[in-house]
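The values are calculated or read from the model by the stated rules, or taken from the named source; none is laboratory data. Keep in mind that this is a model prediction, so the values were computed, not measured. FYI the Cβ positions are ideal-geometry reconstructions off the backbone, even for glycines, and counts take in every protein chain you see.
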């Protein structure tokens, strides 16, 4: 994992591909992005309502970056098709 990947995603781009993209359809990739965004939304709501959560702003930021990475992979795949 590069320093950029560590700071941006908390995992390597290859790990993102393995965990979220490999072996699933574009529709499932869209659902993966929606799930990540929903998780981030829920964590923000919990923090806003002073509900204790182990998820930090940094966790939320990195997961938003993972969602954006998956979207960029989807865009690239459509452009190559």
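Points to keep in mind about this one:
- Selection within segment 11-46 - modelled with pLDDT under 85 and part of a loop (DSSP other than H, G, I, E, B): 22, 23, 24, 25
- Checking every residue in segment 28-35 against the condition of being exposed (fewer than 15 other Cβ atoms within 10 Å of the Cβ) and touching a helix residue (DSSP H, G or I) at 6+ places or on another chain (Cβ under 7 Å) gives zero matches.
- Residues that are in contact with a helix residue (DSSP H, G or I) (Cβ under 6 Å, 6 or more places away or on another chain) and at pLDDT below 90 within segment 63-81 are absent altogether.
- If the condition is being assigned to a helix (DSSP H, G or I) and at pLDDT below 90, then segment 47-62 contributes 47, 48.
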